[in-house]
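In what follows, a structure is listed as structure tokens, so that the remarks can point back to it.
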Amino acid sequence: MLDAHVAVPTPAAAVLRRILELRDAALALEDEHAGELEALHPDNRASGANLLHYLAIRRHDLRSLQVDLVALGLSSLGRCEAHVLPTLDALLAVLSPKGPAAPSKEASGGAFPGNSMDGGSPPRRASRYPMAGVHQGRATLERNTVALLGSPRSDRDVRIMVTADAGLAAAPQRMQEMLLAGMDLLRINCAHDGLATWAAMLGHLTTAHAAGHGAARVLMDLGGPKLRTGAFAPGPCVLKLRPTRDRLGRVLVPARALLTPSTEPELGDGTLPRIPVDEAWLDRLEVGDLVHLHDARGRKRRLLCERRIGSSVVVATDRTCYLVPGTVLRCSVGERSGPASAVGDLPALEGELPLRVGDRLQLTAQVVECRTPDAGGMATVTCTLPEVFAYVRAGQPVWFDDGRIGGVIEAVEGQNARIRITSTPPKGARLRADKGINLPDTAFEHNGLTLQDRADLRFVAQHADAVSLSFLDRPQDVVDLQRALTEEGRSDLAIVLKIETKRGFERLPRILLAAMRSPHVGVMIARGDLAVECGFERLAEVQEEMLWLCEAAHVPAIWATQVLDNLARNGLPTRAEVTDAAMAVRAECVMLNKGPHIVSAIRILDGILRRMAGHQYKKRAMLRPLRVSFF
């Protein structure tokens, strides 16, 4: 603390001058947007002002000032997001030649006393809104987090959100397991499934809660106007059975399938592929019989009958086998070697288009099935949003399937764009229907709410605790959603801003101010699409900036996309994704995607977040006692 009778050293005087300039800039930006602040929900106006204060000081390069502040033993402004003006005022109080000043008596609109370098300047005014102090800023964010995401669990402030898959509608036990493992929120993506499936999922959630297994809030994503590939012609009707082998080619686990009566194709336990056959022939099979066949390649194969499940038979093979409708199956055991059975109808494989670097394809607005390359070597793929062709230009990049396939637009002719593929994995990639299309450099303006979104919103308004709109990239999209919620009688419904486009990220401050007209707001950092839109090399920077802006607005952030993804899908996490999950503790919520091992992923994430809570809060390291052998 500086003595009030000692002149401020020159370095401190220069620092004081810069802090005063930052304070003036913060209040000037607040004045500039006074009308927008008054339009916010009353509970969010002070938070909106704090966001503007943060934006004002971050217009400047503060790095040299930070070094000077640290040299004086003061805050470097590095953690001021949630309380900008109080942090500046605290610095001024220490740096002032008059010494620390008493706080202003006025709750808002008051003066900041004793902050001039010569002690004789008129007192400076405060914000129009009561500014939360250092502790109050964190308390405001925590209060908003509880309102949006629910109360925290013991020893874990960060919530866990889990994306529902369609199978959850028929698996009430798994819903209970997810709750017991640590799920705090259930996310339903309206771009998939339908009303009946959603209702079944929510019914299981209600039942599990009533049974005492825990509770979870519900977030429902509206599909939004996502660019996707259109329909592809189906692939061949073929079933591939392939055993699991070690590196020496030895069979570890044979391939298994279920022979089922053609008249009852749904019998079985749902975990094995089904092969429909003649029921009378199937009844004659016994455990231990061998079924012989020539597969689709003409290779001799045999299937061992292992056990019966009702009227079905589990068969196994230690060699790769391709079955198609009409494949003849024979049993050559005594009297049972009589009539054969032909394989019945099999589901068609998903259509796909193999692509490599240098290939060319035409993206079109015409509703056609994907066509393989024509005589000129160009395939045709439909784009689900025809209006985009008014905005695309030659030379712009285009990405498919979450960035797995990249290209450049060579020419645009009406509602057709000719694309040359410039990026794929080394062995190429296969493009399929309903895969995302990203156009990061295309200034594509569109309506945020589609007709399907408005239809889905009726269900969402009745059943969800919060709603998010996918691919919003302008404030008007939020306004449209707010109006639609008012029409449904749910203007109080919490809104989550799902930011997944480059334009949405660049406009986030204005989108936040529009959203804060509603009482409860959150932001989902959709890192998958953001990585494609902004470039993978920029993702770390982008997600950091979004976390800072959310904290400045006292808005809870949801860390999303591919958290522990390998664990959820394959049962084993990678080292990198464990570190990624640990860093997610700086958000208020972490989202897991679906996968067969999702319950295990929830448990492990719960443990990671509990441990990290003692080490990290936002950007601040929490210095709990070290547990190393030196002590």
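The values are calculated or read from the model by the stated rules, or taken from the named source; none is laboratory data. Note that the structure is predicted; figures quoted are calculated from it, not measured. All Cβ positions, even for glycine, are placed from backbone atoms using ideal geometry, and neighbour counts span all protein chains on display. Ligands, DNA and RNA are stripped out before the accessible areas are found, and what is left, the full protein with its side chains, is counted by its heavy atoms. Shrake-Rupley method; radii C 1.70, N 1.55, O 1.52, S 1.80 Å.
The table that follows gives values for the structure above.
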item	result
All positions within the range 551-576 that are open to solvent by less than 50 Å² (accessible area, probe 1.4 Å) and over 29 Å from P509 (Cα atoms)	L564, D565, L567, A568, G571, P573
Qualifying strands (runs of 3 or more DSSP E) (wholly inside the range 413-480; at least 1 residues being in contact with a helix residue (DSSP H, G or I) (Cβ under 7 Å, 6 or more places away or on another chain))	416-423, 466-469
Members of the range 122-155 found to be surrounded by fewer than 16 Cβ atoms within 10 Å (Cβ to Cβ) and farther than 19 Å from A553 by Cβ, listed by number	P122, P123, R125, S151, S154, D155
Of residues in the range 360-381 being charged (D, E, K, R) and at pLDDT below 90, the one surrounded by the fewest Cβ atoms within 10 Å (Cβ to Cβ)	D374
Cβ-Cβ under 8 Å pairs, at least 6 apart or on other chains, the range 450-463 side free of Cβ contacts under 8 Å to residues at least 40 places away in the same chain, far side open to solvent by 40 Å² or more (accessible area, probe 1.4 Å)	R458/E488; A461/E488; A461/G489; A461/R490
Count of residues meeting criterion [closer than 24 Å to V555 by Cα and either hydroxyl-bearing (S, T, Y) or surrounded by fewer than 24 Cβ atoms within 10 Å (Cβ to Cβ) (or both)] in the range 591-601	1
Within the range 26-84, tally of residues that are in a helix (DSSP H, G or I), more than 21 Å from G137 (Cβ to Cβ) and of a type in the set (D, E, K, R)	5
Selection count where residues are part of a helix (DSSP H, G or I) and either without any contact (Cβ under 8 Å) to a residue 12 or more places away in the chain or more than 16 Å from V162 (Cβ to Cβ) (or both), scope the range 578-617	11
Where a residue in the range 521-544 is free of Cβ contacts under 8 Å to residues at least 24 places away in the same chain and its partner, wherever it lies, is among the small types (G, A, S), with Cβ under 7 Å and at least six apart	L539/A531
Test: residue in the range 273-287 that is of a type in the set (K, R), free of Cβ contacts under 8 Å to residues at least 60 places away in the same chain and within 29 Å of A171 (Cβ to Cβ)	yes
Matching entry among T422, T442 (being open to solvent by less than 10 Å² (accessible area, probe 1.4 Å) and in contact (Cβ under 8 Å) with a residue 40 or more places away in the chain)	T442
Residue under evaluation R128, criteria (1) at pLDDT 85 or above; (2) more than 19 Å from A26 (Cα to Cα), criterion not met	(2)
Condition check for K498: in contact (Cβ under 8 Å) with a residue 12 or more places away in the chain, over 23 Å from L185 (Cα atoms) and among the charged types (D, E, K, R)	no
Answer from S491, S470 - the residue that is touching a strand residue (DSSP E or B) at 6+ places or on another chain (Cβ under 9 Å), more than 19 Å from D359 (Cα to Cα) and hydroxyl-bearing (S, T, Y)	S470
Unmet requirement for A552, which otherwise passes all of (1) on the phi > 0 side of the Ramachandran plot; (2) out of contact with any strand residue (DSSP E or B) (no Cβ under 8 Å at 6 or more places or on another chain)	(1)
Hits in the range 468-483 (condition: hydrophobic (A, V, I, L, M, F, W, C), surrounded by 16 or more Cβ atoms within 10 Å (Cβ to Cβ) and out of contact with any Asp or Glu (no Cβ under 8 Å at 6 or more places or on another chain))	L472, V478, L481
Check on A210, crowded, with 17+ Cβ neighbours inside 10 Å, within 37 Å of the chain's Cα centre (by Cα) and either under 30 Å from V590 (Cα atoms) or free of Cβ contacts under 8 Å to residues at least 24 places away in the same chain (or both)	no
Test: residue in the range 332-343 that is in contact (Cβ under 8 Å) with a residue 60 or more places away in the chain, acidic (D, E), outside any loop (DSSP other than H, G, I, E, B) and over 14 Å from L227 (Cβ atoms)	no
Residue satisfying condition, being surrounded by 12 or more Cβ atoms within 10 Å (Cβ to Cβ) and out of contact with any Ser or Thr (no Cβ under 7 Å at 6 or more places or on another chain), within set V328, V333, V287, V357	V333
Tally, over the range 153-168, of residues that are without any contact (Cβ under 8 Å) to a residue 24 or more places away in the chain and of a type outside the set (S, T, N, Q)	1
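A quick yes/no check of all residues on (1) open to solvent by less than 20 Å² (accessible area, probe 1.4 Å); (2) more than 18 Å from the chain's Cα centre (by Cα):
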site: D157; (1), (2): no, yes
site: L180; (1), (2): no, yes
site: H192; (1), (2): no, no
site: A200; (1), (2): no, yes
site: V218; (1), (2): yes, no
site: G223; (1), (2): yes, no
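Residues are listed down the side, and each one gets a yes or a no for (1) farther than 29 Å from V381 by Cβ; (2) hydroxyl-bearing (S, T, Y); (3) open to solvent by less than 70 Å² (accessible area, probe 1.4 Å); (4) over 35 Å from the mean Cα position of the chain (by Cα):
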site	(1), (2), (3), (4)
L227	no, no, yes, no
F232	no, no, yes, no
P236	no, no, no, no
V251	yes, no, yes, yes
P254	yes, no, yes, yes
L258	yes, no, yes, yes
I275	yes, no, yes, yes
L282	yes, no, yes, yes
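Here's the yes/no breakdown for (1) out of contact with any Gly (no Cβ under 6 Å at 6 or more places or on another chain); (2) of a type in the set (D, E, K, R); (3) buried (at least 23 other Cβ atoms within 10 Å of the Cβ):
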| residue | (1), (2), (3) |
| --- | --- |
| H33 | yes, no, no |
| L52 | yes, no, yes |
| A82 | no, no, yes |
| L91 | yes, no, yes |
